[in-house]
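Okay, structure first, notes after.
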Amino acid sequence: MKKILHVTCSPRGQAAESYRLSQKIVGLLLQKEPTAILVNRVIGGGVISHVDENYAISQSSSADISQEGSMAQSEELIQELESSDVVVIGTPMHNFTVPSALKAWIDHIVRVRRTFNVSPAGKVSMLRDRPVFVAVSSGGRFSGERARQPDFLTPYLKAILGTIGLHDLTFFSVQGTVSGPDAVAEARTKTDQALRYRSRASSA
């Protein structure tokens with residue numbers, strides 16, 4: 001039985017555009033796999049603490065480190081990720097990149113000697129690949145002909161998740177959310193079309 005991990009991090013919670021979009025992705029996945037187990041991991045609003053001293057020490061030492069504090073949370077989040085077959089991430093773009101809540105989650109799951117190793121040739125991933133769908137909302141536009149701001153979110157997620165073995169990333173976005181309801185409706189329509197096209201293509 002497949003397991004879907006749904007990670008959301010907007011401070012606006014279920015009212016967020018990124019949450020709405022990620023829920024739509026989850027819905028399409030469940031249409032294909034009605035018996036799939038859905039695990040909702042809410043990481044916004046300070047739910048996940050930043051890494052602490054024990055975690056920091058563990059990054060530079062192979063000695064046994066206390067598993068209390070953020071190390072325990074890191075292990076819980078990594079096991080949750082390891083057991084998933086599909087990952088859906090709903091995130092806003094903050095200041096051209098990922099919000100701090102998503103960065104905190106990433107700091108917990110990207111852990112040396114646990115999800116990646118270091119070799120003379122560089123970092124070596126330790127997790128198996130699986131599909132990752134990223135639902136992004138942005139007040140401005142960062143792609144297409146009307147792009148007016150840089151995008152550090154997409155390349156960062158590709159690089160950091162690739163470090164631990166997650167390379168199969170697909171991005172969907174609703175951009176220009178500060179441009180008014182008409183612009184949001186237009187962006188939603190385009191994204192919904194892209195979702196339906198992707199769903200049909202993967203079923204073919």
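The values are calculated or read from the model by the stated rules, or taken from the named source; none is laboratory data. From a predicted model like this one, the values you see are computed outputs, not experimental measurements. Because the Cβ atoms are built from the backbone with ideal geometry, glycine has one as well, and the counts that use them run over all protein chains shown. The accessibility values were calculated without ligands, DNA or RNA, using every heavy atom of the protein model including side chains. Shrake-Rupley method; radii C 1.70, N 1.55, O 1.52, S 1.80 Å.
Looking only at residues in the stretch 120-142 that are charged (D, E, K, R) and within 21 Å of residue 83 (Cβ to Cβ), which one is surrounded by the fewest Cβ atoms within 10 Å (Cβ to Cβ)? Break it down stepwise before answering.
In the first step, residues of the stretch 120-142 are kept if they are charged (D, E, K, R); the result is 123, 128-130, 141.
Pick out the ones that are also within 21 Å of residue 83 (Cβ to Cβ) and you get 128-130.
Numbers: 128: 9, 129: 14, 130: 18.
By that ranking, first place goes to 128.
For residue 173, are the conditions met, namely being polar (S, T, N, Q), out of contact with any Leu (no Cβ under 6 Å at 6 or more places or on another chain) and either in a helix (DSSP H, G or I) or under 21 Å from residue 23 (Cα atoms) (or both)? Even if it seems obvious, please write down each step before you answer.
Details: polar (S, T, N, Q): yes; out of contact with any Leu (no Cβ under 6 Å at 6 or more places or on another chain): yes; either in a helix (DSSP H, G or I) or under 21 Å from residue 23 (Cα atoms) (or both): yes.
Against the criterion (polar (S, T, N, Q), out of contact with any Leu (no Cβ under 6 Å at 6 or more places or on another chain) and either in a helix (DSSP H, G or I) or under 21 Å from residue 23 (Cα atoms) (or both)), residue 173 qualifies.
Considering 157, 166, 195, which residue is under 13 Å from the mean Cα position of the chain (by Cα), part of a helix (DSSP H, G or I) and of a type in the set (A, V, I, L, M, F, W, C)?
On the way: 166 fails: part of a helix (DSSP H, G or I); 195 fails: under 13 Å from the mean Cα position of the chain (by Cα).
After ruling out the rest, the residue left standing is 157.
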Practice problem: Tally the residues that are surrounded by 14 or more Cβ atoms within 10 Å (Cβ to Cβ) and farther than 16 Å from residue 102 by Cβ, restricting the search to the stretch 1-24. | Solution: 6
Exercise. Report, ordered by the first and then the second residue, all pairs with beta carbons closer than 8 Å, sequence separation of six or more or different chains, a first member in the stretch 184-199 that is without any contact (Cβ under 8 Å) to a residue 40 or more places away in the chain, and a second member that is part of a helix (DSSP H, G or I) and open to solvent by 90 Å² or more (accessible area, probe 1.4 Å).
Key: none
Quiz item: Would the stretch 105-119 turn up any residue that is within 21 Å of residue 156 (Cβ to Cβ), touching a Lys or Arg at 6+ places or on another chain (Cβ under 6 Å) and modelled with pLDDT of 95 or more?
Solution: yes
Quiz item: Mind checking which pairs have a first residue in the stretch 1-29 that is among the acidic types (Asp, Glu) and a second that is assigned to a helix (DSSP H, G or I), Cβ under 8 Å, 6 or more apart or different chains?
Solution: 17/177; 17/184
Practice problem: Name every residue in the stretch 143-169 that is open to solvent by 20 Å² or more (accessible area, probe 1.4 Å), under 17 Å from residue 128 (Cα atoms) and either in contact with a Phe, Trp or Tyr (Cβ under 7 Å, 6 or more places away or on another chain) or free of Cβ contacts under 8 Å to residues at least 40 places away in the same chain (or both), in order of residue number. | Solution: 158, 159, 163, 167, 168, 169
